[in-house]
Amino acid sequence: MLNKKTVDDISVNGKRVLVRCDFNVPIKDGKITDETRIVGALPTIKKLINDGGKIILCSHMGKPKGEPVPELSLAPVAERLSQHLGMNVIFAADNEVVGENAKKAVAEMNNGEVVLLQNTRYRKEETKNEENFSKELASLADVFVNDAFGSAHRAHCSTVGVSDYVDVSVAGYLMAKEIKFLGDAVNNPVRPLVAILGGSKVSSKISVINNLLEKVDTLIIGGGMAYTFMVALGYNVGTSLLEADYVEYAKEMMAKAKEKGVKLLIPVDTVVAQEFDNDAASKVVPEGGIEDGWMGLDIGPKTIEIFSEAVKDAKTVVWNGPMGVFEMPNFAKGTNAIASVLAEIDATTIIGGGDSVAAVNQAGLGDKMSHISTGGGASLEYLEGKELPGIACLD
Ligand code: ADP
Ligand code: MG
């Protein structure tokens, strides 16, 4: 259920189309080390080329903090894009992003040609969504396409501001896919709907629970998120990750789950170690059994069984946050087990969060999931029920 226009709903022949992409790719020694995001942008770009648009691409990369940082230039992206598209993508190397090079290149464009602007965060106005830079960007274009879901929770000039000064603003294919999967999961899910939360960014994630309890049939809590709930139940968690400020909140959430009839599952056993180290001696303890000096680093075998059973009959699963320290093989079992169950079941499976996606890929199961979300922060805010400014501004 997509109530936003997409590139399929407009005609761009002969028009100048500014496309906000997510080219925030990892670069080492001037070489792009992972092209997933570049490849992901190609369907929208190719569609616009075929439709005869004049395509002007823009993106941020890293955090240059409002000034030109040569290591964060998008020049290498232009080179890779040229190769993928089999045509010359002109790079407008203006430190002010919308400068003489960009203006000249756009003025000289033919239909179906592509120009890439410099890193939008070279401009200090970008992250403050200041009018002047939004207007400069808009002056290059007739149509705005936002295809950068990962930045949609931030109101910046290139994600939101520019839409005020162009005639038409629509979603690209990547954005549309994210809205479709996440939107359906939250607003129109095939049930049972199960959400799995874990990971270590507890304080920034825990507030999603309140909204999820309005939507889900089952909520599973593992990873670093679990210990705050264990403390709320009165258990000792040793030196495990704990958000002491959220213990009260956890109690409220458990009460809310009960009231709503939502099944809320937290681990009943835990793999603990004395050090944050793959080779540290470890053991499995039952709930309440984490002694002082020991930390939980993975869910235990009994918990794996219970969680797997709870997911087995789900028709929609949203997963954000690993079940344990999956980077260490000795504490990856819980995460791998959940990934395997998701890979096997007949359900819509949605993975969000950079580390969760990495974990699923590390298990070799990425292509077994229905949807791998490209924006961790943005997908969480979407699940929290917040309106994302980069989506709200589209027609
Ligand atoms: P995502 O990137 O998927 O949103 P987070 O960034 O919140 O997830 O958390 C991922 C990290 O959480 C991983 O590096 C993982 O090692 C860590 N983690 C998972 N369980 C635990 C735990 N019990 N204790 C400490 N760290 C954990
Ligand atoms: Mg992370």
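The values are calculated or read from the model by the stated rules, or taken from the named source; none is laboratory data. Source: prediction; values computed, not measured. Positions of Cβ are backbone-derived with ideal geometry, glycine not excepted, and every protein chain shown enters the neighbour counts. We work out accessible area using only protein heavy atoms, side chains counted, and drop any ligands, DNA or RNA first. Shrake-Rupley method; radii C 1.70, N 1.55, O 1.52, S 1.80 Å.
What are the semi-axes of the equivalent ellipsoid of the chain, taken as the square roots of 5 times the eigenvalues of the Cα gyration tensor, listed largest first and rounded to whole Å?
On the way: eigenvalues 360, 92, 69 Å².
Sorted largest first and rounded, they come to 42, 21, 19 Å.
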Rg and Dmax of the range 26-120, Cα atoms, in Å? 13.0, 36
Taking protein heavy atoms only, a 1.4 Å probe, and rounding to whole percent, the accessible area of the chain owed to carbon and sulfur comes out at 47
Charge dipole magnitude, Cβ of K and R +1, D and E -1 - the range 59-184, Cα centre, debye nearest 20: 360
Taking the Cα atoms of the range 7-173 alone, what are Rg (to one decimal) and Dmax (as a whole number) in Å? 14.1, 41
Reachable aspartates and glutamates from LYS315, Cα under 19 Å, same-chain residues fewer than 8 places away excluded? GLU178, ASP184, GLU214, ASP217, GLU305, GLU344, ASP346, ASP367
Heavy-atom accessible area of GLU96, protein chains in place, probe 1.4 angstrom, given in Å² to nearest 10, is 90
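Can you give the Kirkwood hydrodynamic radius of the range 122-168 from its Cα pairs, in Å with one decimal?
On the way: mean 1/r = 0.0955 Å⁻¹.
Over the range 122-168, the inverse of the mean reciprocal pair distance is 10.5 Å.
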Along the charge dipole of the range 158-253, Cβ charges K/R +1 and D/E -1, which of VAL162, VAL208, PHE181 sits furthest on the positive end? PHE181
Run down the lysines and flag those whose C-alpha is under 19 Å from the C-alpha of LYS4, throwing out any fewer than 8 positions away in its chain. LYS47, LYS177, LYS180, LYS386
Probe 1.4 Å, all chains present, heavy atoms only: LYS283 accessible area in Å², nearest 10, is 80
Can you give me the long-range amide H partners of VAL145? Hydrogens built in the peptide plane at 1.01 Å from N, cutoff under 5 Å, separation of 5 or more residues or another chain. LEU18, VAL19, ARG20, VAL170
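Let's see if you can work this out: charge +1 on each Lys and Arg Cβ, -1 on each Asp and Glu Cβ, no other charges. What is the dipole magnitude of the range 300-395 about its Cα centre, in debye to the nearest 20?
On the way: 6 positive and 12 negative charges, 53 e Å.
Here the size comes out at about 260 debye.
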For TYR246, the accessible surface traced by a 1.4 Å probe with all protein chains present amounts, in square angstrom to the nearest 10, to 70
Which lysines have a Cα lying under 24 Å from the Cα of LYS65, excluding residues fewer than 8 positions away in the same chain? LYS28, LYS31, LYS103, LYS124, LYS128, LYS135, LYS201
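Out of the GluC sites (Glu not before Pro) in the range 198-288, which ones are loop residues according to DSSP with at most 15 other C-beta atoms within 10 Å? Walk me through the numbers on the way to the answer.
Details: sites: GLU214, GLU243, GLU248, GLU252, GLU259, GLU275, GLU287; in loops: GLU243, GLU275, GLU287.
When the GluC sites (Glu not before Pro) of the range 198-288 are filtered for loop state and at most 15 Cβ neighbours within 10 Å, GLU275 remain.
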DSSP-defined antiparallel bridges as percent of all bridges, the chain, nearest 5: 20
Heavy-atom accessible area with a 1.4 angstrom probe orders ILE38, ILE372, most exposed first, as ILE372, ILE38
Do you know the Lys pair count in the range 253-313 for C-alpha distances under 18 Å, with sequence separation 8 or more or different chains? 4
About the Cα centre, and with charges only on the beta carbon of Lys, Arg (+1) and Asp, Glu (-1), how big is the dipole of the chain? Nearest 20 debye, please. 680
At 10 °C and 1.306 mPa s, the Stokes-Einstein diffusion coefficient in µm²/s for the range 181-383, with hydrodynamic radius from the Kirkwood sum on alpha carbon pairs, is 96
Between ILE27 and residues 5 or more places away or on another chain, which pairs have amide H atoms under 5 Å apart, with H built 1.01 Å from N, and which residues are they? THR33
